[in-house]
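Note sheet for the following structure.
The values are calculated or read from the model by the stated rules, or taken from the named source; none is laboratory data. Fair warning: this is a prediction, and the values are worked out from it, not measured in the lab. Reconstructed Cβ throughout: ideal geometry from the backbone, glycine too, with neighbour counts over all protein chains shown. The accessibility values were calculated without ligands, DNA or RNA, using every heavy atom of the protein model including side chains. Shrake-Rupley method; radii C 1.70, N 1.55, O 1.52, S 1.80 Å.
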Amino acid sequence: MKTPLARPVLPTLLFALILAGCGGGGSSGLQPQIAASAEVLQPGDAGYERAVIGSAVKAAGQGGVSEGMVIRIVQDIPVWRMWNGPARLDARGNTNRMGGWWSYDPPQGTVQQYRAAYEICNGWNDLTWVAKCTLKAGSIVVVGPGQSVSAQTCGDPTGLENYAANPVDWQLYIDKPWARSAELVCPDASADYEADPADISRPRKSGS
């Protein structure tokens with residue numbers, strides 16, 4: 001069962017009204033955790049297209065975010081991403097440390113709570129390691145509440161793995177982060193930690 005962490009909830013209708021009515025340069029509608037560090041951009045504003053909002057906002061059942069705001073970061077903020085760890089490589093020899101989806105809230109709770117809160121299929125991410133990076137002032141990204149994910153999208157033939165949309169735990173989409181090293185600044189992967197699956201806010205104990 002999904003157990004979202006306590007956070008202000010923004011109803012979908014209110015979110016839609018904000019998207020329609022807020023002007024560029026404001027922070028109206030952003031969650032308190034990020035409102036002071038970002039400004040909302042509108043189509044036609046300089047840099048808006050860099051966010052590639054079409055890659056972030058998806059239909060129900062497809063993951064991504066259900067609604068999206070394009071924002072410009074106005075002061076550096078820490079961002080977090082969970083990933084598979086250095087030992088698991090893809091066919092090209094790369095890890096998934098530099099994927100497109102991040103949070104501006106530090107990971108907490110159990111692995112399963114985090115997976116449900118951010119709608120992350122088992123096949124997409126092991127959620128075993130935690131990276132903390134810095135999103136620099138001037139970065140332009142998408143933010144919004146998580147969209148639902150169907151069992152079909154997860155690739156689960158049993159139909160059991162699926163996730164509901166979550167208006168509480170918002171996500172950041174950073175398009176092609178591996179090509180934006182001046183905006184997303186990460187320490188060496190040796191600074192990351194392997195998470196305790198029962199409490200991902202802290203490192204896993206040796207031998208556990």
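Report yes if residue 59 is surrounded by fewer than 16 Cβ atoms within 10 Å (Cβ to Cβ) and within 20 Å of residue 165 (Cβ to Cβ), otherwise no. So that I can check it myself, show each step before the final result.
Numbers: surrounded by fewer than 16 Cβ atoms within 10 Å (Cβ to Cβ): yes; within 20 Å of residue 165 (Cβ to Cβ): yes.
Judged against the criteria, residue 59 is a match.
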Suppose we filter segment 180-208 for residues that are more than 30 Å from residue 140 (Cβ to Cβ), acidic (Asp, Glu) and touching a Phe, Trp or Tyr at 6+ places or on another chain (Cβ under 8 Å); how many remain?
1
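Would you pick out the residues in segment 98-109 that are within 7 Å of residue 80 (Cβ to Cβ) and either assigned to a loop (DSSP other than H, G, I, E, B) or open to solvent by 50 Å² or more (accessible area, probe 1.4 Å) (or both)? Step through it out loud before you land on a result.
If we filter segment 98-109 for residues that are within 7 Å of residue 80 (Cβ to Cβ), which is where we start, we get 102-103, 106-107.
Those that are within 7 Å of residue 80 (Cβ to Cβ) and either assigned to a loop (DSSP other than H, G, I, E, B) or open to solvent by 50 Å² or more (accessible area, probe 1.4 Å) (or both): 106, 107.
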Can you list residue pairs whose Cβ atoms sit under 8 Å apart, with the first residue in segment 119-148 being under 22 Å from residue 43 (Cβ atoms) and touching a residue at least 12 places away in the same chain (Cβ under 8 Å) and the second being among the small types (Gly, Ala, Ser) and part of a strand (DSSP E or B)? Count only pairs 6 or more apart in sequence or on different chains.
143/38
Residue 40, sole failed condition from (1) among the aliphatic types (A, V, I, L, M); (2) in contact with a Gly (Cβ under 6 Å, 6 or more places away or on another chain); (3) under 24 Å from residue 201 (Cβ atoms)
(3)
For residues that are open to solvent by less than 30 Å² (accessible area, probe 1.4 Å) and either part of a helix (DSSP H, G or I) or touching a helix residue (DSSP H, G or I) at 6+ places or on another chain (Cβ under 6 Å) (or both), tally how many sit in segment 110-140.
8
